[in-house]
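Heads up, the thing below is written out as structure tokens.
The values are calculated or read from the model by the stated rules, or taken from the named source; none is laboratory data. Note that the structure is predicted; figures quoted are calculated from it, not measured. Because the Cβ atoms are built from the backbone with ideal geometry, glycine has one as well, and the counts that use them run over all protein chains shown.
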Amino acid sequence: MLLGSELRIAVVVLVVAAMLLYAISRPCYHDNACYGGNQFLAGVLVEAHGMLLDLLVIGFVVVWLNRRAQRDHESIQFQEEIDSLRGSRSAEAGVRILYLARLLNKNRITSIFLANAHFDGLDLRGDVQPWATKRTVDLSGAYAPSASFAGSTVAGVNFREANLQQACFAGASCGRADFTGALLLGVDFRDARLQHADFTRSRHLKAQALAQAKSLRGAAMSERLKAEVLALNPGAFDDEPFESEVGNFLEMLDANEIAQQLLVAKEEHDLQTRLALTKSYGAQAFLSMLFGPLGLIYSAGWKAGLGLTVAALALCMFEPDAIPVVFLATWLLSAIAGIVAVHRHNAKIDG
């Protein structure tokens, strides 16, 4: 979770301290001779306000630094676990490495050490739906010499500037994979499908390796390299023929079945999304009663909540005698506006 238990406790303590400080300092907001003109107590209250603001600012900085340090620590742990699994040919090890690579991508790390890692037969793509949580693995800048992607699906995977010396892509589906600037010395592309793959500025890539591919239709590469490949395999850039009409029919049936499954999954996801995004009238009423205009952040956004709060504070500063009236009116207005905002929000989701 974004907010751990310690951070939640700190926020609650800060809010309670702010409310107590407001209650104690309220007589001094419109009367300089509060508490019998005790200057010492007035000075203490002034310093308390400054200290509370300092704690708030420092707290945000500490949280940001803590999250960054936690992310770095997690990334080190992920890479260490990958190192312990590299070299294993088991499918379980490949699946685990793939999962850890996605976690590193989530932490904005793509230069992953994958030497001798095996992804044979795995699908490195993410879900294509916009609501998907699994994204295509990004291996740009990765160090993966002797890694094996035999029979795997790496369509659309980013291998920019990656070190793929002696890597094996035999029988792999590499459509639209990006090998721009990658080091491809001794790479194995036997029977690989490389439609629309990008080999621009790839280093040490040999025509003999590409000539063994099953299809290079639409692949991007230098004209010199393309001529060398055509000299070795004249049909390398031709359209790949269909194996049989029966195969086409079965592929069509599979596509229809997948489309139906995706439709059902989308409907279930939409229902879960509506339930998750629906706002609660009870929660809004409780927040409005407890925090007043700040409770509007729950349903109307932070602009509405902070805007009404700033307006109320400005009115109290110019009209100190009207503080009770402003206080009551702001709380009442916040409760009404919150209920209306919840109704509109839920209607927009259902509609």
query = What pairs come up if the first residue lies in segment 318-347 and is assigned by TED's automatic domain parsing to the domain that holds residue 297 and in contact (Cβ under 8 Å) with a residue 60 or more places away in the chain, the second is surrounded by fewer than 12 Cβ atoms within 10 Å (Cβ to Cβ) and in a helix (DSSP H, G or I), and their beta carbons are under 9 Å apart, counting only those six or more places apart or on different chains?
reply = 345/277; 346/277
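Only residues that are in a loop (DSSP other than H, G, I, E, B) and more than 28 Å from the chain's Cα centre (by Cα): list them for segment 144-170, please. Steps first, please.
Of the residues in segment 144-170, the ones in a loop (DSSP other than H, G, I, E, B) are 144-147, 149-152, 154-157, 159-162, 164-167, 169-170.
Scanning segment 144-170 gives 145, 146, 150, 151, 165, 166, 167, 169, 170.
Matching residues to (1) among the basic types (Lys, Arg); (2) within 17 Å of residue 149 (Cβ to Cβ); (3) part of a loop (DSSP other than H, G, I, E, B):
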site: 82; (1), (2), (3): no, yes, no
site: 89; (1), (2), (3): yes, yes, yes
site: 95; (1), (2), (3): no, yes, no
site: 98; (1), (2), (3): no, yes, no
site: 102; (1), (2), (3): yes, yes, no
query = Quick check: is even one residue across segment 153-169 farther than 21 Å from residue 110 by Cα, surrounded by fewer than 21 Cβ atoms within 10 Å (Cβ to Cβ) and either touching a residue at least 12 places away in the same chain (Cβ under 8 Å) or not acidic (Asp, Glu) (or both)?
reply = no
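Out of curiosity, is residue 124 in contact (Cβ under 8 Å) with a residue 24 or more places away in the chain and within 22 Å of residue 234 (Cβ to Cβ)?
Values: in contact (Cβ under 8 Å) with a residue 24 or more places away in the chain: yes; within 22 Å of residue 234 (Cβ to Cβ): no.
Taking the combined requirement at face value, the residue does not satisfy it.
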key: Which numbered condition residue 70 fails, given (1) part of a helix (DSSP H, G or I); (2) surrounded by 13 or more Cβ atoms within 10 Å (Cβ to Cβ); (3) not hydrophobic (A, V, I, L, M, F, W, C)   = (2)
key: Residue that is farthest from the chain's Cα centre (by Cα), among those in segment 218-227 that are part of a loop (DSSP other than H, G, I, E, B) and crowded, with 17+ Cβ neighbours inside 10 Å   = 221
request  = Report, ordered by the first and then the second residue, all pairs with beta carbons closer than 8 Å, sequence separation of six or more or different chains, a first member in segment 297-316 that is in contact (Cβ under 8 Å) with a residue 40 or more places away in the chain, and a second member that is small (Gly, Ala, Ser) and assigned to a helix (DSSP H, G or I).
outcome  = 298/283; 298/338; 299/338; 299/341; 300/337; 300/338; 300/341; 316/322
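Residue-wise test of (1) farther than 26 Å from residue 318 by Cβ; (2) polar (S, T, N, Q); (3) at pLDDT 80 or above.
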site: 13; (1), (2), (3): yes, no, no
site: 37; (1), (2), (3): no, no, no
site: 42; (1), (2), (3): no, no, no
site: 64; (1), (2), (3): yes, no, yes
site: 68; (1), (2), (3): yes, no, yes
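Among 49, 30, which is over 30 Å from residue 126 (Cα atoms) and part of a loop (DSSP other than H, G, I, E, B)? Outline the logic, then answer.
Numbers: 49 fails: part of a loop (DSSP other than H, G, I, E, B).
Answer to the check: 30.
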